[in-house]
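The structure under discussion appears below in the form of structure tokens.
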Amino acid sequence: MLRMSSLFLRTLRDDPADAEVPSHKLLVRAGYIRRIAAGIYSWLPLGVITLRNVENIIREEMDKAGFQEVHFPALLPREAYEATNRWEEYGPSLFRLQDRKGGDYLLGPTHEEMFTLMVKGEYSSYKDLPLTIYQIQNKFRDEARPRSGIIRGREFVMKDSYSFDLTDEGLGISYEKHRDAYITTFDRLHLKYNIVKAVSGAMGGSKSEEFLAPCPTGEDTYVLCPKCGFAANVEAMVTKVAPGDASGVPALEELDTPNTPTIDSLVDVLNSKFGGGFTGASTLKNVLLMADSKAISVLVPGDREVDLKRLQAGLPGVEELRVFEEADFAKHPGLVKGYIGPQDAGKFGITVYADPRVAPGTSWVTGANKKDRHARNVVNGRDFTPDAYVEAAEIREGDSCPECSTAVVIDRAIEIGHIFQLGRKYADALGLTVLDQNGKSQVVTMGSYGIGVSRAVAAIAEQSYDEIGLVWPLEVAPAKVHIVATGKEDLPFDTALDIATKLEASGITVMLDDRRDPSAGVKFKDAELIGIPVIVVVGKSLAEGKIELRNRKSGEKSEVAVGDAISAVTTLIASLS
RNA sequence: CGGGGCGUAGCGUAGUGGCUAGCGCGCCUGCUUUGGGAGCAGGAGAUCGGGAGUUCGAAUCUCCCCGCCCCGACCA
């Protein structure tokens, strides 16, 4: 039983000045967390209990699925990360340190290497597989910009699991099991979420999905189809465009278009001098980029920007992607800035990528590679041919769903979980093999699965609060019932303690406000701020032998006889779960 | 790492060259109060982020450093 008379807790009346997002403000105000440094937080008793509750739900679901818990140190030697090259590759986000002898260590940002090595040390037969093991542990990442309180910290609690299989089919099954376990886990946490297609990116591997909890303060943008439910991370969104029919398009014609280095200025001139009906979407934009040290050109419709993240996701192996600068133009004197077209790309020796929207057979207005000149009726396949197609254009609300062509919506969310099929990258690098039925050595294939535990606490808070405070789901709350005793006599306090004791005896956790000094108003405000789902008030109505029951979420209040308190609370709790 | 903002008591803040750094919340003591963040009286608590400089005089002006927040780049 938590007794507020002695609980290590101080609630704050004002929002902390350094907090912006609701979860951060409320968790600090209600006395769950305190900031220590940028992206580093301490947990006070209420916070610890809440975090544990989330952790335990995750643990239970992992165990139920047959996954086994292990635990690694956060402090790790350099060697393991050397074998996969991540000591270097991880870059400045890795916390590196030295021991007294000058040996290199790191604070684990993620534990693929350690898990792989652990399995390598124990197992060597196909008969031992499949295996899925997990841990719940603090991770350390020196984020360039920690933000939003506990949503993106530099030290945070994460549940990470890894599956080990002999075959790709096995990996597929392990993956699905994990996906199912995540669904039940997040349902129990009462999170609203979407399972979204993601790109596996630098980690390599074939399939990857993110669990995204929609909320306005989320930092991830994703696409959702309101009709068929298709959901994808913006990077993983694909564009389906049918080829155009260019058979009736007249021959390419050069136009005199002085002073039109931008799309807007070009459209104005086109409409005034060359007939109406032109929009930005009629024009073809040639965006020049440096991919590592190689110049490339990307074709997108003139009304769209290039989305560098999307483009990079489609160009495996490219590490740095940036737009052309003056110095780059200087090195390519043939390129007439503002009047570039793909027709002469061969001459410049630049690889031309086209967004799928620039489909074969489509006709465009684009630069004529001469100052103050553009060309119209420039047809893909006739007047130019891209070297390759790649998703490059920005995604917009209203773009078509790749599954059913309905207009998609764009939403923001917090990434609470990520599952992906890693494949054999780590097993290969670290030599994790087992003998198969034929006595032949086989490289194991892996999956990796993460849940941000502390982030989930923030995500729940973000999805469940109101003007007066937090509103926890039953299983997450620091207690199921918050009993407030008011008045100056002993009776309400004795009665409240009696009810609390009986509830605890029946397995219902209780927080009891047995403070004598604060006025009733203070206690009500605190109870609402702290956000325990059921509030019981023992006070004024005790004169008629009654207590008051409140539903924190709905605000509903009802009075019941003291004798019926236990059953009434139990019933209310049952209705909430 | 680029751009912007900020740093005064546990929390929120006022104070832009002048006297003892002010207020609210919280905290302590006493009395009165006790169903919506009570009232009165008294009190504790701050090297004004740090350092250097300008000045008769610096929270206030200058320089350097540190820290924090927001936008962007980045982010299993």
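The values are calculated or read from the model by the stated rules, or taken from the named source; none is laboratory data. Small disclaimer: the values here were computed from a predicted structure and weren't measured. FYI the Cβ positions are ideal-geometry reconstructions off the backbone, even for glycines, and counts take in every protein chain you see. Each accessible area value is taken on the protein alone, full model and side chains, heavy atoms only, with ligands, DNA and RNA left out. Shrake-Rupley method; radii C 1.70, N 1.55, O 1.52, S 1.80 Å.
Using the structure shown, decide if A:F164 is over 21 Å from the mean Cα position of the chain (by Cα) and in the same structural domain as A:G450 (by TED's automatic domain parsing).
Yes, satisfied.
With touching a Cys at 6+ places or on another chain (Cβ under 6 Å) and either at pLDDT below 90 or aromatic (F, W, Y) (or both) as the only criterion, which of A:F230, A:F211 stands out?
From the options A:F230, A:F211, the qualifying one is A:F230.
Considering only the range A:450-473, how many residues are in a helix (DSSP H, G or I), closer than 24 Å to A:P109 by Cα and of a type in the set (A, V, I, L, M)?
Residues that pass the stated criteria total 6.
Of everything in the range A:519-533, what is more than 8 Å from RNA strand B (Cβ to nearest atom), at negative phi and either at pLDDT below 95 or assigned to a loop (DSSP other than H, G, I, E, B) (or both)? Give them in sequence order.
Those that are more than 8 Å from RNA strand B (Cβ to nearest atom), at negative phi and either at pLDDT below 95 or assigned to a loop (DSSP other than H, G, I, E, B) (or both): A:I532, A:P533.
Just checking: which of the helices (runs of 4 or more DSSP H) contained wholly in the range A:293-401 hold 2 or more residues that are under 31 Å from the mean Cα position of the chain (by Cα)?
A:308-313
Quick test of your reading of the structure: A:P226 fulfils all but one of (1) farther than 26 Å from A:G381 by Cα; (2) buried (at least 19 other Cβ atoms within 10 Å of the Cβ). Name the failing condition by number.
Among (1) farther than 26 Å from A:G381 by Cα; (2) buried (at least 19 other Cβ atoms within 10 Å of the Cβ), the lone unmet condition for A:P226 is (2).
Which is surrounded by fewer than 20 Cβ atoms within 10 Å (Cβ to Cβ) and assigned by TED's automatic domain parsing to the domain that holds A:Q137, of A:V453, A:V522, A:V443?
Going through A:V453, A:V522, A:V443 in turn, just one is surrounded by fewer than 20 Cβ atoms within 10 Å (Cβ to Cβ) and assigned by TED's automatic domain parsing to the domain that holds A:Q137: A:V443.
Every residue, every condition in (1) open to solvent by 20 Å² or more (accessible area, probe 1.4 Å); (2) not in a strand (DSSP E or B), yes or no:
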| site | (1), (2) |
| --- | --- |
| A:E475 | yes, yes |
| A:P478 | no, yes |
| A:V484 | no, no |
| A:A496 | no, yes |
| A:L503 | no, yes |
| A:D517 | yes, yes |
| A:I535 | no, no |
| A:L542 | yes, yes |
| A:T571 | yes, yes |
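For the range A:391-425: of the residues being under 30 Å from A:L166 (Cβ atoms) and not aromatic (F, W, Y), which is nearest to RNA strand B (Cβ to nearest atom)?
Filtering the range A:391-425 for residues that are under 30 Å from A:L166 (Cβ atoms) and not aromatic (F, W, Y), the one nearest to RNA strand B (Cβ to nearest atom) comes out as A:H418.
Where in the range A:46-124 are there strands (runs of 3 or more DSSP E), lying fully within it, with 2 or more residues that are within 25 Å of the chain's Cα centre (by Cα) and of a type outside the set (D, E)?
Because the criterion is at least 2 residues that are within 25 Å of the chain's Cα centre (by Cα) and of a type outside the set (D, E), the strands (runs of 3 or more DSSP E) in the range A:46-124 that meet it are A:104-107.
This table checks each residue for (1) in contact with a helix residue (DSSP H, G or I) (Cβ under 8 Å, 6 or more places away or on another chain); (2) open to solvent by 60 Å² or more (accessible area, probe 1.4 Å); (3) in a helix (DSSP H, G or I).
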| position | (1), (2), (3) |
| --- | --- |
| A:T221 | yes, no, no |
| A:V238 | no, yes, no |
| A:V249 | no, no, no |
| A:V267 | yes, no, yes |
| A:F278 | yes, no, no |
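Would you confirm whether any residue within the range A:446-453 is more than 9 Å from RNA strand B (Cβ to nearest atom) and of a type in the set (F, W, Y)?
Within the range A:446-453 (the criterion being more than 9 Å from RNA strand B (Cβ to nearest atom) and of a type in the set (F, W, Y)), the answer is no, since none of the residues qualifies.
So which of A:A37, A:A19, A:A65 is out of contact with any helix residue (DSSP H, G or I) (no Cβ under 6 Å at 6 or more places or on another chain) and small (G, A, S)?
The match here is A:A37.
Quick one: which of A:V522, A:V471 is among the hydrophobic types (A, V, I, L, M, F, W, C) and without any contact (Cβ under 8 Å) to a residue 12 or more places away in the chain?
One residue alone meets the criteria, A:V522.
Please determine whether any residue of the range A:156-165 is more than 10 Å from RNA strand B (Cβ to nearest atom), more than 20 Å from A:V444 (Cα to Cα) and either basic (K, R) or open to solvent by 10 Å² or more (accessible area, probe 1.4 Å) (or both).
no
Go through the range A:11-41 and report how many residues are within 14 Å of A:A459 (Cα to Cα) and open to solvent by less than 40 Å² (accessible area, probe 1.4 Å).
Qualifying residue count, the range A:11-41: 6.
When you scan the range A:125-134, do you find a residue that is modelled with pLDDT of 95 or more, open to solvent by less than 50 Å² (accessible area, probe 1.4 Å), among the small types (G, A, S) and in a loop (DSSP other than H, G, I, E, B), even just one?
No, every residue in the range A:125-134 fails to be modelled with pLDDT of 95 or more, open to solvent by less than 50 Å² (accessible area, probe 1.4 Å), among the small types (G, A, S) and in a loop (DSSP other than H, G, I, E, B).
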